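Okay, structure first, notes after.
The values are calculated or read from the model by the stated rules, or taken from the named source; none is laboratory data. Note that the structure is predicted; figures quoted are calculated from it, not measured. Note: ideal-geometry Cβ built from the backbone for every residue, glycine included; neighbour counts use all protein chains shown.
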Amino acid sequence: MASFAHDFPFDPAYGRTLDDLLRISAPDDAPDDFDAFWRARYEEARGVATEPELGPLEEERDGVRIHGVTFTSVGGVRLGGWVALPAEGAEAEYGFVIGHGYGGRQEPGPDVPLPLPRSAAILPCVRGMGARGLRTGIPDVSAAHVLHGIASRDTYVIGDCVADLWCAASALHELVPETARTQDGPRLGLLGESFGGGLGALALPWDDRFGAAQLTVPTFGNHPLRLTLPCIGSGESVRTYRRTHPEVTEVLPYFDAATAASRTKRPTLVAAALFDPSVPPPGQFAVYNALAGERELQVLDAGHFEHPGTAAAAEELRAARTRFFGAHLGR
């Protein structure tokens, strides 16, 4: 059990040891039409003409040239973000869709350098979030964003954010056709951290364009358990909302990242934390434990919490990510 000095009014390790965490999986009561719901959402997203537009060069570093990009997602929503292309006109051999945390994304930041050399990537801002995803009517603060449209599975913003990742993949394939599947297999990887990790887990089972994924401290895992665990992240807004709207427990099962993981057979690397005040570790480990395919676990001492080992842990995870995608993309 990880322990750090802190002033939170709860235990961010939630009294669980690693052995305890490794026994937590997906909820038992997934909706009967969970798969049908998500397959329909995926087919809708694949039918979108994303019409990506690449902007001028904004930055060049770490072996890539970074451009702004806009593309269309479900509902005709036009979103923005960044595209990273191999420098010096080199042809891409791999592609990545890289989700962001609930703080949004103001710039490409630490998601560049990319996991593999000779890669292209799209770094989208999902609707309502980040400098290039702001939309009138959708809150841009996580505590409110996570509740937007939550009264119905068909209006909940999380479903549309998942679709934004699928449409981002379509946009990348249109801009960089080399990132699409070849006779050797998929050339596209999916990465997400925290909020982006939860969205990635929900997106992954239905989209065979992705060959492998890496999810860091993923949220939305095992909602029934999450509703019992205090935190300082978006989950606390949902816990508070549920007290006066108990009917939300009929909606949340459709957006359970651990349930989705139980349908995922693609190789997936999960970095899960033993101590995390924002995304309770039991939910993170539920996503890893539920994975139905080849999986790898990177145990972090802490997530969403700076500590003396933060930099070393980040470097270790970067190395694991490079090795993992190198082994699984294009196989």
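Here's a check for you: in the stretch 177-195, which residue that is small (Gly, Ala, Ser) and touching a Leu at 6+ places or on another chain (Cβ under 8 Å) is surrounded by the fewest Cβ atoms within 10 Å (Cβ to Cβ)? Break it down stepwise before answering.
First, pick out the residues of the stretch 177-195 that are small (Gly, Ala, Ser): 180, 185, 189, 192, 194.
In the following step, the residues that additionally are touching a Leu at 6+ places or on another chain (Cβ under 8 Å) were identified as 180, 185, 189, 192.
Values: ALA180: 16, GLY185: 13, GLY189: 29, GLY192: 27.
Among those that are small (Gly, Ala, Ser) and touching a Leu at 6+ places or on another chain (Cβ under 8 Å), it is GLY185.
Take ARG135 and decide whether it is over 17 Å from ASP256 (Cβ atoms), basic (Lys, Arg) and either under 15 Å from the mean Cα position of the chain (by Cα) or outside any loop (DSSP other than H, G, I, E, B) (or both). Talk me through it step by step, then tell me what you get.
Details: over 17 Å from ASP256 (Cβ atoms): yes; basic (Lys, Arg): yes; either under 15 Å from the mean Cα position of the chain (by Cα) or outside any loop (DSSP other than H, G, I, E, B) (or both): no.
Here the answer is no, as ARG135 does not meet what is asked.
Have a look at VAL287, VAL299 and point out the one that is buried (at least 24 other Cβ atoms within 10 Å of the Cβ) and touching a residue at least 60 places away in the same chain (Cβ under 8 Å). I'd like the intermediate steps shown before the answer.
Numbers: VAL299 fails: buried (at least 24 other Cβ atoms within 10 Å of the Cβ).
Being buried (at least 24 other Cβ atoms within 10 Å of the Cβ) and touching a residue at least 60 places away in the same chain (Cβ under 8 Å) holds for just one of VAL287, VAL299, which is VAL287.
Could you please find all residues in the stretch 5-22 being modelled with pLDDT of 95 or more and either surrounded by 13 or more Cβ atoms within 10 Å (Cβ to Cβ) or among the hydroxyl-bearing types (Ser, Thr, Tyr) (or both)?
Within the stretch 5-22, PHE10, ASP11, PRO12, ALA13, TYR14, ARG16, THR17, LEU18, ASP20, LEU21, LEU22 meet the criteria.
What pairs come out if I take residues in the stretch 259-277 that are within 18 Å of THR228 (Cα to Cα) and pair them with residues that are among the basic types (Lys, Arg) and surrounded by fewer than 22 Cβ atoms within 10 Å (Cβ to Cβ) whose C-beta lies under 9 Å away, six or more apart or interchain?
Qualifying pairs under 9 Å: LEU274/ARG16.
Residues are listed down the side, and each one gets a yes or a no for (1) at pLDDT below 95; (2) assigned to a loop (DSSP other than H, G, I, E, B); (3) under 13 Å from the mean Cα position of the chain (by Cα):
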{"position": "GLY192", "(1), (2), (3)": "no, no, yes"}
{"position": "GLY198", "(1), (2), (3)": "no, no, yes"}
{"position": "PHE220", "(1), (2), (3)": "no, yes, yes"}
{"position": "PRO230", "(1), (2), (3)": "no, yes, no"}
{"position": "GLU247", "(1), (2), (3)": "no, no, no"}
{"position": "ALA258", "(1), (2), (3)": "no, no, yes"}
{"position": "LYS265", "(1), (2), (3)": "no, yes, no"}
{"position": "PRO277", "(1), (2), (3)": "no, yes, no"}
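Return yes or no: is PRO253 touching a His at 6+ places or on another chain (Cβ under 7 Å), assigned to a helix (DSSP H, G or I), modelled with pLDDT of 95 or more and surrounded by fewer than 19 Cβ atoms within 10 Å (Cβ to Cβ)? Give the derivation first.
Working: touching a His at 6+ places or on another chain (Cβ under 7 Å): yes; assigned to a helix (DSSP H, G or I): yes; modelled with pLDDT of 95 or more: yes; surrounded by fewer than 19 Cβ atoms within 10 Å (Cβ to Cβ): yes.
It is true that PRO253 is touching a His at 6+ places or on another chain (Cβ under 7 Å), assigned to a helix (DSSP H, G or I), modelled with pLDDT of 95 or more and surrounded by fewer than 19 Cβ atoms within 10 Å (Cβ to Cβ).
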